[in-house]
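Quick notes on the structure that follows.
The values are calculated or read from the model by the stated rules, or taken from the named source; none is laboratory data. Note that the coordinates shown come from a computational prediction; the quantities given were computed from them, not determined experimentally. A quick note on method: Cβ atoms are made from the backbone with ideal geometry, for glycine too, and the neighbour counts reach across all protein chains shown. Accessible surface is based on the protein model in full, side chains and every heavy atom, while ligands, DNA and RNA are left aside. Shrake-Rupley method; radii C 1.70, N 1.55, O 1.52, S 1.80 Å.
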Amino acid sequence: LAVRSAVRTVLEGSVGRLGKGYSVVLRLVDADDASVVLSVNDTAEDDADLIPTVDRLAKSLRTEMGERRSAIEATRALNNVATPSFEAYKNFRRGDDLWSSYLDNRAAIAAFRSALALDPNFAGAWEYMAWCFSMLGEPDSSLAAFRQALARPDRLTQEAELRIAAQLAFLSGDYAGALAANEQYVRLYPQVMYGH
């Protein structure tokens, strides 16, 4: 859930018996690779000391989070795409990272194809692959991929459908249709930027 929601870190905790007291550990874990970003621990002498100990640890963790803000801040946009396959989603994310940072459109296409091998109806992967083809100056491949995405409306948001329709019109030479679709897009989603 954290990965699909673009959440950067997840808080984990454990309480273990230690004689008459307790050992308490709080860990902030990177959602992508499960590495520990921050960890704090303490012991509670008895049952009455357990809640104050957890409170102290929480305050300590918040203090350290403030000092390491860049390690816990979200760094990627939330992609509103649908697939029942977590592996397909991870391939999609790898492709999106390559494409959105202008690293390698060909490698991004390969990642999107890996996602589609697991979920052929993954409309988001079809759309993003189409953008990569567009960036590479391959309009026929871009058109074909955009059409594949649009053929799966149950797997697209209304925003994505409109965005794809505008691009399809543009690539097909229907500039008036592209302009009208883009104007509607801006009217409905003025806060969103798309494309590179």
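In the chain, the longest principal axis of the Cα atoms and the axis of helix 47-67 are about 40 degrees apart. Remark: spin-label model distance TYR102-SER23 equals 5.0 nm, labels positioned 7 Å along the Cα→Cβ axis. Report the residues of the range 12-33 in range of a label on SER39: point 7 Å along Cα→C-beta, backbone N strictly under 16 Å from it. Residues 12-16, 23-31, 33 fall inside that zone. Take the chain, connect every pair of alpha-carbon atoms lying under 10 Å apart with a spring to form a Gaussian network, then pick out the residue of ASN80, ASN105, ASN91 with the largest mean-square fluctuation. Maximum among the listed residues: ASN80. Between the labelled values (1) 21.2; (2) 19.5; (3) 17.9, the entry that holds Kirkwood radius over Cα pairs in Å as derived from this structure is (2). For the range 121-196, which whole percent of the accessible surface, found with a 1.4 angstrom probe, sits on carbon and sulfur atoms? Taking all protein chains in place, the range 121-196 shows 55 percent carbon and sulfur surface. First check a/c for the range 85-177, with a ≥ b ≥ c the square roots of the eigenvalues of its C-alpha gyration tensor; if it is under 1.5, answer rounded, and if not, answer prolate when a/b is larger than b/c or oblate otherwise. It is oblate, given that a/c is not under 1.5 and a/b is not larger than b/c.
Using the 1.4 Å probe convention, the accessible area of the range 120-196 works out to 52 Å² per residue with neighbouring protein chains retained.
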